[in-house]
Each structure stands twice: as structure tokens, then as C-alpha cells.
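One structure is given here, and the rest of the page talks about it.
A short reminder: the numbers here are calculations on the coordinates, not readings from a lab. Since this is a predicted model, take the numbers as computed values, not measurements. Neighbour counts run over all protein chains shown; Cβ positions are idealised from the backbone, glycine included.
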């Protein structure tokens, strides 16, 4: 299969949103996606982009994507967070995911980061094996903690 890994462009965000929705369905939360194509265009390509996105293109179709954003560690310094790495289901196992992962790692190196981090669902054994096979450490003694929009409002009593 021929494909190109490249930086995403604003006009890609419709297909990027489709990929995000596909991942949400895979992760058994199809109704959880609240963002729009316009949100992605504004937030990724405005004056101060909040994320960087890579896409895997086959022909005129985006077959996968990886979205990262900067973070800062008080222990390590500059880091990036890999929010999502998605390959369309029929193309999983073709090397597209590895190519996107490699591009993210190279990008992190180019940015001079001390760490690249991400979350993986504990039931996604295929992804866990892939990451471990590629040198990543799955920190099973840490739990992800989130405060959602309702939780924020409740905390602030608004």
C-alpha cells in the first residue's frame, strides 16, 4: 500500500473528525465526541495552534492521523502528549500506525522534548503490545484523573 505521512492542513479536518469519531466508536463511546470540524480548524491552525496533527494519506483519503500537543513536566521539562493515533479499521495492520507513530517520535525529537506520553485503555491489549514492543513503558501504577465540564462547573458552583 502506498501512503504519505504529512502535516495536516485545515482542509483535512473534516476527515480528521471522521477518524476521531471512528476511534470513539472503537473505544465504546460514540456519543462522547463534542468537537466540530470548525473547532479543529480554529484550534489547530490559528495564531497560537493548540495541537499539531499528522495524517496518513492514501490517494485522496486520510487513512489515519496522530494528534499531539505540548506539555511541560516539572521533573523533565518540555514534553508532548500524543492525544490520539488512529488508523481506519480496514487498514489496521498495514504499517500505517507504525509510520504515524514513527513520525510522532521523530517530531518529539525535533522539538527537543524529554518525554512523549499518552494514555491507552487497559483492555486494548493490541495497542499495549505495540507500544511495549516499540520501547514504551506502560505505567500501570498511575491512574488518569479528569475533571469534565460539569465537574468544573460544580466545583466552581456555577
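Prolate is the label for segment 16-81, because the ratio a/c of its alpha-carbon gyration tensor axes (a ≥ b ≥ c) is 1.5 or higher and a/b is greater than b/c. Computed from the Cβ-Cβ distance with R0 of 41 Å, the FRET efficiency linking residue 37 to residue 109 stands at 0.85. Per residue, the chain reaches -11000 deg cm²/dmol at 222 nm when only DSSP H runs of four or more residues are counted, each adding -39500 (n - 2.57). Of all the options 32, 99, 66, the one that moves most in a Gaussian network model of the chain with Cα springs shorter than 10 angstrom is 32. One chain, two ends: residue 127 and residue 73. Fully extended at 0.36 nm per residue, the span grows by 17.0 nm beyond their Cα-Cα distance. Each label was represented as a point 7 Å from its Cα along the Cα-to-Cβ direction; for residue 29 and residue 11 these points are 3.3 nm apart. FRET efficiency for the pair residue 45 and residue 102, taken as 1/(1 + (r/R0)^6) with r the Cβ-Cβ distance and R0 = 30 Å, rounds to 0.80.
Per the Cα gyration tensor, segment 4-118 maps to an equivalent ellipsoid with semi-axes of 22, 17, 15 Å, ordered largest to smallest. Across segment 44-151, Cα pairs under 8 Å and at least six residues apart give a relative contact order of 19 percent.
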